[in-house]
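None of the figures in this text is laboratory data; all of them are computed from the coordinates on show. Note that the structure is a prediction, hence the values are computed from the model and not measured. Positions of Cβ are backbone-derived with ideal geometry, glycine not excepted, and every protein chain shown enters the neighbour counts.
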Amino acid sequence: MSLTHLARATGAGLLAVTALTAAAHSAQAADTLGSAATAKGRYFGTAVAAGHLGESAYATTLNREFTSATPENEMKWDATEPNRNTFTFGAADQVVNHALGQGMTVRGHTLVWHSQLPSWVGGLGTADLRTAMNNHITRVMQHYKGKIHSWDVVNEAFQDGGSGARRSSPFQDKLGNGFIEEAFRTARAADPAAKLCYNDYNTDGVNAKSNAVYAMVKDFKSRGVPIDCVGFQSHFNSASPVPSDYQANLQRFADLGVDVQITELDIEGSGTSQANSYANVVRACLAVSRCTGITVWGVTDKYSWRSSGTPLLFDSNYNKKPAYDAVLSALGGSGSGGGGGGGATCTATYSKAEEWGDGYNGRVTITAGGSAISNWTTTVTLTPPQKISATWNGSPTWDSSGNVMTMRPNGNGSLAAGASTSFGFTVMKNGSNAVPVVGACTAS
Ligand code: G3I
């Protein structure tokens, strides 16, 4: 008997059926990057090039996997204001309209940057340059007002190396150190609803450059200069690997009272080592509560700016790479991707059973995939102050927070292909109606 039939037969209201279905759905292990990130309260985005939207595999992959888009080049100054006061938004509009039409959010990239800057800007005198910078910020932001989640207001304004100094640019050289503050104040006035970010590379670990950005953000926060977020580009390769203090660095910025975002992630390499590096980045973001989202710098290796380094999650034929599986799994999704592995798989599905005033029983059904499995494991994450007070049909272990329960079989974990088993747990609500999140099911 279906749920609907059962509800009619028992006289239960349709609302109850809808709620039960929604709860079961939302707690099911997610099977795309975007849905898995959503279950963790984050977005998972990609850089998007307008010129590729007409390629069906590109659009299909983009639409299926991602919940945020960043125009890769289309919002830069050379694209939006190639000649003074002549604004051209065609290509950027294409990306924004596509993304919004798919229910994605959009990161605006970027308003003030020394690169991809038309030559007329560099030729202006100081007063004119100030007017042009503020006019550019205002006009571009007003065009997209209400459509942009976060703007990279200023990009890459600090030098590499040990100096911590500002990079030479028309803005720095003519307007001085105050240009960044001025850009942020102008941006806040143009679209008060957009989050305003400073974005840079080689600031992913603690070093002279990130220390200089840190000092600037700290100063801005203490003086009330409007800044909401810091973007960490995170372009990695063997010469510049994921730093060991990546998470600590994200956390120290978050502790200043800004969101942090991973804005242009790509990691050159392949196979397990690339997959592990990607998983480390995702885990670092998830461990920092103010890390609100991750953007990879392109959908497919085919069109990456570092294509020969194959740094992305889909290969040039849009196949999922091991790095894809690692990211999905680190996000708590159901590692059902391709990219090798194969063999033993399982799914974990949550449903709510009995409920009473201050508690309820949850049930997780483990179902083997297309082949028999001999063992399985999954996680159940609670939102505090909810607490699990009892479990059955499983062998639980807990993380240090006491909110994440890892469940393994209580004895024999063998299941034939397609066969199911289930475990249960009692939750004390402690005033919260949050729904438990079931992570990926891993089988062997
Ligand atoms: O569109 C033209 C095409 O018509 C022409 O035939 C071709 C010939 O070179 O060039 C094409 O434009 C290129 C454009 O990408 C689109 O593919 C430009 O030459 C090329 O310079 C441009 O590179 C972009 C780069 O920024 C420029 O600085 C990359 O796509 C883009 O991924 C990259 O993104 C930057 C971020 O904005 C900031 N952080 C670093 C990141 C990586 O460099």
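For the chain, relative contact order (Cα pairs under 8 Å, six or more residues apart, normalised by length) works out to 14 percent. Charge dipole (Cα centre; +1 on Lys/Arg Cβ, -1 on Asp/Glu Cβ; no other charges) of region 319-444 amounts to roughly 180 debye.
Which value, in debye to the nearest 20, describes the size of the charge dipole of region 74-215 about its Cα centre when Lys and Arg Cβ atoms bear +1, Asp and Glu Cβ atoms bear -1, and nothing else is charged?
Details: 14 positive and 14 negative charges, 62 e Å.
Charge dipole of region 74-215: 300 debye, to the nearest 20.
Run through the DSSP bridge list for the chain and note the antiparallel percent, rounded to the nearest 5. Don't skip to the answer; put the middle values down first.
On the way: 40 of 74 bridges.
That works out to approximately 55 percent antiparallel.
Rounded to the nearest 5, the antiparallel percentage of DSSP beta bridges internal to region 42-195 is 15%.
Determine, from the Cβ-Cβ distance of ASN317 and ARG139 and an R0 of 30 Å, the FRET efficiency 1/(1 + (r/R0)^6), rounded to the nearest 0.05.
After rounding, the FRET efficiency stands at 0.15.
When the alpha carbon coordinates of region 56-117 are projected onto the principal axes, the ranges are 38, 19, 19 Å, largest first.
Let me check against my output: what whole-number percent is the relative contact order of region 53-106, with C-alpha pairs under 8 Å and at least 6 apart? List each step's numbers first, then the result.
Values: 39 pairs, mean separation 20.9, N = 54.
It comes to 39 percent, rounded to a whole number.
Calculate the FRET efficiency for THR86 and ARG167 from the Cβ-Cβ distance with a Förster distance of 45 Å, rounded to the nearest 0.05. Write out the running numbers ahead of the final one.
Details: r = 27 Å, r/R0 = 0.61.
My answer for the efficiency is 0.95.
As I understand it, the dipole of the chain uses +1 on the Cβ of Lys and Arg and -1 on the Cβ of Asp and Glu, about the Cα centre. Which of GLY224, GLN251, VAL364 lies farthest toward its positive end? After comparing all options, I get VAL364. Ordering THR378, HIS143, ALA127 by Cα displacement along the dipole of the chain toward the positive end leaves THR378 in first place; charges were set at the Cβ atoms of Lys, Arg (+1) and Asp, Glu (-1). In vacuum, with every alpha carbon of the chain counted as one equal point scatterer, what does the Debye formula give for log10 I(q)/I(0) at q = 0.08, 0.12, 0.14 Å⁻¹? Two decimals, please. The calculated log intensity ratios at q = 0.08, 0.12, 0.14 Å⁻¹ are -0.52, -1.04, -1.29.
With only the Cα atoms considered, region 230-285 has a convex hull volume of 66 Å³ per residue.
Could you run the Debye sum over the Cα atoms of region 88-184, one equal point scatterer each and no solvent, and tell me log10 of I(q)/I(0) at q = 0.11, 0.20, 0.23 Å⁻¹, two decimals? Scattering profile of region 88-184, log10 relative to I(0): -0.38, -1.02, -1.21.
Among ASN85, ALA440, ASN63, pick out the residue whose Cα is farthest towards the positive end of the charge dipole of the chain, where Lys and Arg carry +1 and Asp and Glu carry -1 on C-beta, about the Cα centre. Toward the positive end, the furthest listed residue is ALA440. Reported value for region 342-444: 85 Å³ per residue, from the convex hull of its C-alpha atoms.
For the chain, a simple Cβ point-charge model (Lys and Arg +1, Asp and Glu -1, everything else neutral) yields a dipole of about 740 debye relative to the Cα centre.
Relative contact order of region 245-362: 22 percent, from C-alpha pairs under 8 Å at least 6 residues apart in sequence.
Apply 1/(1 + (r/R0)^6) to the Cβ-Cβ distance of SER401 and SER56, taking R0 = 56 Å, and write down the FRET efficiency to the nearest 0.05.
Values: r = 44 Å, r/R0 = 0.78.
Calculated value: 0.80.
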